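K.L.:
Starting off with a structure, shown below.
The values are calculated or read from the model by the stated rules, or taken from the named source; none is laboratory data. Everything numeric in this text was worked out from a predicted model, so none of it was measured. Cβ: placed from backbone, ideal geometry, glycine included. Neighbour counts: every protein chain shown. To get the accessible areas, we keep the full protein, side chains included, count just its heavy atoms, and leave off ligands, DNA and RNA. Shrake-Rupley method; radii C 1.70, N 1.55, O 1.52, S 1.80 Å.
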Amino acid sequence: MQENRGRFSSRIGFLLAAAGSAVGLGNIWGFPTQAASNGGAAFLLTYLVLAFCLAYPVLMVELVLGRHARGNPITALRRISSGERTRAGATLIGSVGVLVASLILSFYSIVGGWMLAHFLSAIAGLAGFDQWSAWLTGFSWQRNVLFTLFFMLLTIRIVSKGVESGIERWSTRLMPSLILMLLLLTLYVLTLDGAMQGLKSYLIPDFSRLWSPSLIVSALGSAFFSLSLGVGTMLIYGSYVDESESLPSLGAQVTLLDVGVAVLAGFLVMPAMYVAAHNGVEIFSASGELISEDTLIFSVLPALFDTMGVAGVLVGLAFFLLMSIAALTSSISMLEVPVATLIENSSLERGRSAYLVGAVILVVSLLIISQFSSLFGFVVALTTRYSQPLLGMLFCIYLGWIWHRDQVLQELKRGSPDVAQGLFWKVWPVWVKYVCPVFVLLIFWQAL
Ligand code: PHE
């Protein structure tokens, strides 16, 4: 089986694919809006600490497990289990992970569809098709169905091409353009009136808010979702990494890229909000709270673009193209989890598996669209707030308490032969065994 498995062809290919998975709506939408409603710089600081102290170790758990087992989450957890009970537990945890990854995709593809629709709306606006442009940004079920389908088809097509010629090729094409566009947009917004005030609130912490439990919990959840943890995505990507690569350094680079893009997106979105406020768009309530976190990107930012004339249409176009790309490189990593699992457990080939799994997930998306007000928020909370942290904690427990320490070290030594002498090996195993589960349990506790 191992010979037929896909592989990333190069280190940069893996880096861009894994960073493509991590960098998504969570970074460019989730992080900046949460920062805006949680005291700006105080949130930024907490997020940075948690991303490196908690998310990075859990990411390493997934990468090591994945490369060791060269298989999906169920196989990976089963391979390190010795007893009947732990093996049954492994099957259960792995299967729930695969299911949760699929459920995340079912709502993510709806949001990805909105991004595509807003992007096309900007083009329609430029071409003078104002009615089309308005339809594309309106919240009709027809628009939602059409664009979810469109987004899902793009995702399926890339995944059906395989690891190297699908996921890796598209991630290496899309990620650099995403970072470049983000940089250019940020530089542009920073030159506008009002931006400096946004910059101040992003960079000067209000220390009184630093220790608020709700801020810590949001920052922790944000870091976790942002690094695609707990659902086997990074585990599967890890299973395609070559043995000659050093996992601790690859993991650190993915974390740095992911956190870097989130921080950079903050430099765009926070100032953009204050520019919008400066231009008369209402973004804060009388008590100083953000009016609406969730719709910020679809109401505040387009309102900002509107105040900028033709330049605004172009900026809007670039912005929603950026969001679509970010969403797509993440959605392919979600679909890869159930698809790889199906391929490894059946005689179906990749193309068919991708279309089959994609079609089933699409049905769930359509169900969510049909009962949007009751289902959407529920699925988001169920998957990202509850399941991701809990599953991540269980991965840590399997690595820390069930897998033999020697075998963990053997796996790490592939690609980094001196790892046993370094700081990483002194801290990480203990950290994963005790600190991470306790921390994740705390998030879970709070979320409940
Ligand atoms: N990390 C992605 C984002 O920030 C979301 C994601 C979650 C991707 C789970 C894969 C798995 O948008």
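K.L.:
Of the options Leu391, Ile158, Gly30, report the single residue whose Cα projects farthest towards the positive end of the charge dipole of the chain (beta-carbon charges: Lys, Arg +1; Asp, Glu -1).
P.N.:
Leu391
K.L.:
How far apart, in nm, are the 7 Å Cα→Cβ label points at Ser10 and Thr86?
P.N.:
Going by the 7 Å Cα→Cβ label model, 4.0 nm.
K.L.:
If I take every Cα pair under 8 Å that is 6 or more residues apart in the range 51-120, average their sequence separation and divide by the length, what percent do I get for the relative contact order?
P.N.:
Details: 33 pairs, mean separation 13.4, N = 70.
Normalised by residue count, the contact order of the range 51-120 is 19 percent.
K.L.:
Note down the magnitude of the dipole of the range 2-416 about its Cα centre, charges +1 on Lys and Arg C-beta and -1 on Asp and Glu C-beta and zero elsewhere, to the nearest 20 debye.
P.N.:
Rounded to the nearest 20 debye, it is 960 debye.
K.L.:
Suppose R0 equals 35 Å; then what is the FRET efficiency for Leu149 and Gln197 from their Cβ-Cβ distance, rounded to the nearest 0.05?
P.N.:
0.25
K.L.:
Given Cα pairs under 8 Å that are at least 6 residues apart, what percent is the relative contact order of the chain?
P.N.:
33
K.L.:
So, one more: Output ³J(HN,Hα) for the range 51-57: one whole-Hz value per residue in order, computed from phi by the Karplus curve 6.51 cos²θ - 1.76 cosθ + 1.60 with θ = phi - 60°, and x for Gly and Pro.
P.N.:
4, 7, 8, 10, 5, 4, x
K.L.:
Now a separate question. As a test of the definition: which semi-axes, in Å, follow for the chain when you take the square root of five times each eigenvalue of its alpha carbon gyration tensor? Largest first, please.
P.N.:
Semi-axis lengths for the chain are 35, 26, 19 Å.
K.L.:
Quick one: with all protein chains in place, what share of the accessible area of the range 60-199 is carbon or sulfur, to the nearest percent (1.4 Å probe)? Please report the intermediate quantities before stating the final value.
P.N.:
Values: 3970 of 5910 Å².
That fraction is 67 percent.
K.L.:
By how many nm would the segment from Leu356 to Trp401 grow when fully extended, if each residue of separation counts as 0.36 nm and the alpha-carbon distance is taken off?
P.N.:
Answer, rounded to one decimal: 12.5 nm.
K.L.:
Between Tyr386 and Leu99, what is the FRET efficiency for a Förster distance of 22 Å, r being their Cβ-Cβ separation, to the nearest 0.05?
P.N.:
Details: r = 13 Å, r/R0 = 0.59.
The computed FRET efficiency comes out at 0.95.
K.L.:
Separate question: Would you mind computing, in nm to one decimal, how far apart the modelled labels at Val363 and Arg79 are, each placed 7 Å from Cα along Cα→Cβ?
P.N.:
Computed distance between label sites Val363 and Arg79 equals 3.2 nm.
K.L.:
So, in nm, how far is label Ala311 from label Phe372 when the simple model puts each one 7 Å beyond its Cα toward the Cβ?
P.N.:
Output for this residue pair reads 3.3 nm.
K.L.:
Tell me, what is the per residue accessible area of the range 362-448 in Å², probe radius 1.4 Å?
P.N.:
Roughly 54 Å² per residue, with all protein chains present.
K.L.:
Still on this model: Tell me, what HN-Hα J-couplings in whole Hz come from the Karplus equation 6.51 cos²θ - 1.76 cosθ + 1.60 at θ = phi - 60° for each residue of the range 96-112, using x for Gly and Pro?
P.N.:
Rounded to whole hertz, the list is 4, x, 4, 5, 5, 4, 5, 5, 4, 5, 5, 8, 5, 6, 5, 5, x.
K.L.:
While we're on this one: Report, in deg cm²/dmol and to the nearest 500, the calculated mean residue ellipticity at 222 nm for the chain, where each DSSP H run with n ≥ 4 adds -39500 (n - 2.57) and the sum is divided by the residue count. List each step's numbers first, then the result.
P.N.:
Details: 21 runs with 321 residues, N = 448.
After summing the helix terms and dividing by the residues of the chain, the value is -23500 deg cm²/dmol.
K.L.:
Also: By the scheme Lys and Arg +1, Asp and Glu -1, what is the net charge of all other residues having a beta-carbon under 10 Å from that of Asn279?
P.N.:
Its environment carries a net charge of -2.
K.L.:
Apply the Karplus curve 6.51 cos²θ - 1.76 cosθ + 1.60, θ = phi - 60°, to the phi angles in the range 67-84 and return the couplings in whole Hz, x for Gly and Pro.
P.N.:
Whole-Hz 3J(HN,Hα) from phi for the range 67-84: 5, 4, 8, 6, x, 6, x, 5, 4, 4, 5, 5, 5, 9, 8, 9, x, 4.
K.L.:
A further question follows. Taking +1 at the Cβ of each Lys and Arg and -1 at the Cβ of each Asp and Glu, which of Trp141, Leu423, Ala359 sits farthest along the dipole of the chain towards its positive end, judged by Cα position relative to the Cα centre?
P.N.:
Leu423
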